[in-house]
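See structure below.
The values are calculated or read from the model by the stated rules, or taken from the named source; none is laboratory data. As the structure is a computational prediction, the values presented were derived from the model and not from experiment. Positions of Cβ are generated from backbone atoms using ideal geometry, with glycine treated the same way; all protein chains shown enter the neighbour counts.
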């Protein structure tokens with residue numbers, strides 16, 4: 001694989017041989033940040049690109065990100081994709097335009113996207129789910145959705161879509177601080193239970209209005225998994241008073257031995 005620095009990439013004339021791009025935009029100068037729209041445009045010339053990692057994407061706003069979507073849609077060989085779109089004022093209307101490239105990436109197996117601290121509600125998450133399930137070959141999925149407003153409806157919607165990804169084995173879902181309560185957390189458990197091939201599950205529902213009732217419902221659904229080899233659950237700063245009851249549920253199954261961490265009230269319960 002060929003990995004280039006930003007300056008080298010921008011100066012390249014033949015990009016057809018590049019199959020790997022890794023950029024942390026924190027390392028760019030102010031002058032280079034101004035070139036990000038041109039950088040997006042050049043990505044379209046990477047016909048054999050298989051791995052794209054774009055971290056800390058500062059500078060470009062929503063219109064530039066929508067243009068980026070048009071360019072990346074031409075890179076149909078991508079297998080692994082990481083995108084950091086935090087703090088971009090993305091909302092329900094712009095989210096599907098920014099991610100409309102997803103159905104074009106027929107080879108995508110690993111997808112990780114950071115969407116924290118935007119303005120996404122349940123409607124936007126439903127549209128996101130519709131796009132993701134078009135990627136039939138995804139094996140590893142990481143959705144960082146913290147500090148939006150997806151609510152119960154959005155959480156249930158996205159968790160219910162995962163069942164249609166038949167190759168999905170690794171799932172990371174962070175939905176902290178998202179106006180979720182017991183109804184939403186129970187719905188999440190119901191949706192996740194339908195993912196029969198999951199081996200790795202890492203979920204974060206910190207800073208939501210979750211009580212012991214909702215947490216127990218979630219754990220009861222998860223405890224029915226036979227395939228899980230790794231489990232991590234975060235529910236800190238919620239309204240859970242008796243976290244040991246969750247351990248009791250897990251003890252009735254083999255899943256407790258696979259539980260890497262269960263964080264409740266800023267403490268690791270196990």
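Within the set 198, 141, 173, the sole residue that is farther than 26 Å from residue 249 by Cα and not in a helix (DSSP H, G or I) turns out to be 141. The number of residues in region 132-149 that are in contact with a strand residue (DSSP E or B) (Cβ under 9 Å, 6 or more places away or on another chain) and either surrounded by 21 or more Cβ atoms within 10 Å (Cβ to Cβ) or under 22 Å from residue 122 (Cβ atoms) (or both) comes to 11.
Sort through 46, 86 and tell me the only one that's at pLDDT below 95 and surrounded by 15 or more Cβ atoms within 10 Å (Cβ to Cβ). Of 46, 86, the one residue that is at pLDDT below 95 and surrounded by 15 or more Cβ atoms within 10 Å (Cβ to Cβ) is 46. Would you be able to say whether some residue in region 247-269 is touching a strand residue (DSSP E or B) at 6+ places or on another chain (Cβ under 6 Å), in a helix (DSSP H, G or I) and surrounded by fewer than 21 Cβ atoms within 10 Å (Cβ to Cβ)? Taking every residue of region 247-269 in turn, at least one turns out to be touching a strand residue (DSSP E or B) at 6+ places or on another chain (Cβ under 6 Å), in a helix (DSSP H, G or I) and surrounded by fewer than 21 Cβ atoms within 10 Å (Cβ to Cβ).
Taken over region 81-104, residues that are part of a loop (DSSP other than H, G, I, E, B) and within 20 Å of residue 58 (Cβ to Cβ) amount to 8. One residue is enough: does region 89-99 have a residue meeting the conditions closer than 26 Å to residue 200 by Cα, surrounded by 18 or more Cβ atoms within 10 Å (Cβ to Cβ), in contact (Cβ under 8 Å) with a residue 24 or more places away in the chain and touching a helix residue (DSSP H, G or I) at 6+ places or on another chain (Cβ under 7 Å)? Yes, region 89-99 contains at least one residue that is closer than 26 Å to residue 200 by Cα, surrounded by 18 or more Cβ atoms within 10 Å (Cβ to Cβ), in contact (Cβ under 8 Å) with a residue 24 or more places away in the chain and touching a helix residue (DSSP H, G or I) at 6+ places or on another chain (Cβ under 7 Å).
Only one of the numbered conditions (1) surrounded by fewer than 17 Cβ atoms within 10 Å (Cβ to Cβ); (2) within 13 Å of the chain's Cα centre (by Cα); (3) in a helix (DSSP H, G or I) is not met by residue 190, and that is (2). With respect to residue 107, is the statement that it is over 16 Å from the mean Cα position of the chain (by Cα), modelled with pLDDT under 95 and not in a helix (DSSP H, G or I) true? The answer is no for residue 107. For region 103-116, the criterion of being more than 25 Å from residue 24 (Cβ to Cβ) and touching a strand residue (DSSP E or B) at 6+ places or on another chain (Cβ under 8 Å) is met by no residue. Collect the residues in region 201-216 that are surrounded by fewer than 22 Cβ atoms within 10 Å (Cβ to Cβ) and in a helix (DSSP H, G or I), keeping them in residue-number order. Residues satisfying the conditions are 212, 213, 216. Summed over region 49-74, the residues that are under 20 Å from residue 103 (Cα atoms) and assigned to a loop (DSSP other than H, G, I, E, B) give a count of 4.
Residue pairs whose Cβ atoms lie under 7 Å apart, separated by 6 or more positions or on different chains, with the first residue in region 191-216 and at positive phi and at pLDDT 95 or above and the second part of a loop (DSSP other than H, G, I, E, B) and surrounded by 17 or more Cβ atoms within 10 Å (Cβ to Cβ), are 207/176; 207/177. A count restricted to region 144-160 and to residues that are under 17 Å from residue 202 (Cα atoms) and assigned to a helix (DSSP H, G or I) stands at 5.
Across region 156-178, the number of residues qualifying as in contact with a strand residue (DSSP E or B) (Cβ under 9 Å, 6 or more places away or on another chain) and surrounded by fewer than 19 Cβ atoms within 10 Å (Cβ to Cβ) comes to 3. Looking only at region 13-48, residues that are under 18 Å from residue 102 (Cα atoms), assigned to a loop (DSSP other than H, G, I, E, B) and touching a helix residue (DSSP H, G or I) at 6+ places or on another chain (Cβ under 7 Å) come to 1 in all. Scan region 1-12 for residues that are part of a helix (DSSP H, G or I) and touching a helix residue (DSSP H, G or I) at 6+ places or on another chain (Cβ under 9 Å) and jot them down. Hits for region 1-12 are 6, 7, 9, 10.
If only residues of region 49-61 that are surrounded by fewer than 17 Cβ atoms within 10 Å (Cβ to Cβ) and out of contact with any helix residue (DSSP H, G or I) (no Cβ under 6 Å at 6 or more places or on another chain) are counted, the one that is modelled with the lowest pLDDT is 61.
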